[in-house]
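Nothing in this text is a laboratory measurement; each read-out follows from the coordinates by a stated rule. The shown structure was predicted, so the numbers you read here are calculated from the model rather than taken from an experiment. Positions of Cβ are generated from backbone atoms using ideal geometry, with glycine treated the same way; all protein chains shown enter the neighbour counts.
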Amino acid sequence: MAEAQRRLDGRVALVAGATRGAGRGIAVQLGAQGATVYVTGRSTRGSRSEYDRPETVEETAGLVTAAGGRGIAVVTDHLVPAQVEALVRRIEEEQGRLHLLVNDVWGGERLFEWDSPVWEHDLDKGLRLLRLAVETHAITSHYAAPLLLREPGGLVVEMTDGTAQYNATHYRVSFFYDLAKSAVLRMAFALGHELGPRGATAVALTPGWLRSEMMLDAFGVTEATWRDALDRVPHFGISETPAYVGRAVAALAADPEVARWNGQSLSSGQLARVYGFTDLDGSRPDAWRYLVEVQDPGLPAAPEGYR
C-alpha cells in the first residue's frame, strides 16, 4: 500500500472480539491503513471457544500483519475483568497509548432462539447472551477508557446489529437478542456523553447483512460462490463482506472531525456514502435502506439499486 494511503500509521487499536466476522474484517482493514492492532478472542491454536470453529485469534493477527499493519494476538475472555485489566496494562506497557477501541465481543449466534417469547426462550442461554453482548463491552470500556483518554482524539466503536432508528420500531429476533443489540446502541450514546467532554468520541456501528464465515457456512457457500445462495435466499444479494464495515471503522479512525458523529448510531452503508469507500467488489451496499424499502414490505428482491 502506498504511503499516502496508510492513514493510520502510528495509531494503536484494540479490536475486542476479532477472531472472525466483523471483528476480523475491522482488524484487517485497520492493518491495511498501517495501524498496530491488538486482537482478542477466546479461540486460539491451543483451544476453541464453545463456537467450536476453526478461526483463531492468532490467524487474525497474521492477517493484520499481512495487510500492512502489526497484528498482536492476546487470548482474552472479556467476561473476566482480571484478563481485560491485564490486556489493557499490556497495551499501556508496550505502546503507552490507545487511539481506538472497537467493542465487537458477541458470541451469541448459537444462544438466541428465533421468534421465541421470553417465557419460552431457554433462560440460561438468554442470560448468557446478555452477558456476552453487554457485560463484556462494559468491562472492556471500564479498563480501556483511561488509556484511550490519555491523548485527545480517541474513538470507541460499539458494534451492534441494526441502527437506532431501525431497532426502535422493529422486533429483533427474540426478547434477549433485541435487548442485547438495543443495549449496545445505548452504550454508545452514554459513552458519547462521558467521553465527548474529555476529548474522545463514541459511536455505535452496524454492518448490513454480513457475509461472515458462519453465515457463508450456514448457506453452504464460500465468499467466491456466495451468489449461489440467491436462488434460495434472494435478499442475500444485498449482503456485504466484513471488509466493508472494516473500511467504515478505518474511515472513522482517520477522520480528524470524527467528533461530529459522537453518540450517534451509524451503518456501513451510510458511512460509505460519506467517506467514499466501497466493498471489495467496488459496490456500496446499503442494507438498512434496502430492508425498509424492499425486504420488510415484502417486495421482490432487487438489490441492484441499493449497491
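By its C-alpha gyration tensor, with a ≥ b ≥ c as the square roots of the eigenvalues, how is the range 184-307 shaped: rounded for a/c under 1.5, else prolate for a/b larger than b/c, else oblate?
Numbers: a/c = 2.23, a/b = 2.01, b/c = 1.11.
Prolate, because a/c is 1.5 or more and a/b exceeds b/c.
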Going from the fewest other Cβ atoms within 10 Å to the most, one would list M159, M215 as M215, M159
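Compute and list, largest first, the equivalent-ellipsoid semi-axes of the range 251-291 from the alpha carbon gyration tensor, each √(5λ) rounded to a whole angstrom.
The answer is 20, 14, 6 Å, longest axis first.
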The range 105-171 and the range 291-307 have their Cα centres apart by a whole-number Å value of 27
Between W119 and E93, how many nm apart are label points set 7 Å from Cα along the C-beta direction?
5.3
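So for each of 40-48, 243-251 I average, over its residues, the number of other beta carbons within 10 Å; can you give me the resulting order with the highest mean first? If you can, show how the numbers build up before the last one.
Numbers: 40-48: 17.9, 243-251: 26.8.
Going from most to least packed, we get 243-251, 40-48.
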Could you please state, rounded to a whole Å, how far the C-alpha centre of the range 40-82 is from the C-alpha centre of the range 184-226?
18
Please identify, among A272, A144, A190, the residue showing maximal mean-square fluctuation in a Gaussian network model of the chain using a 10 angstrom Cα cutoff.
A190
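Report, in deg cm²/dmol and to the nearest 500, the calculated mean residue ellipticity at 222 nm for the chain, where each DSSP H run with n ≥ 4 adds -39500 (n - 2.57) and the sum is divided by the residue count.
Numbers: 11 runs with 116 residues, N = 307.
Rounded to the nearest 500, the figure is -11500 deg cm²/dmol.
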Treat every Asp and Glu Cβ in the range 38-184 as -1 and every Lys and Arg Cβ as +1, leave all other atoms uncharged, and give the resulting dipole magnitude about the Cα centre to the nearest 20 debye.
360
In whole percent, what relative contact order does the chain give with Cα contacts below 8 Å and a gap of six or more residues?
17
If you rank Y306, Y166 by fewest surrounding Cβ atoms within 10 Å, what's the result?
Y166, Y306
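What does the convex hull of the alpha-carbon atoms of the chain project to on average, in nm²? List each step's numbers first, then the result.
Numbers: hull surface 61.3 nm².
Taking the Cα atoms of the chain, their convex hull projects to 15.3 nm² on average.
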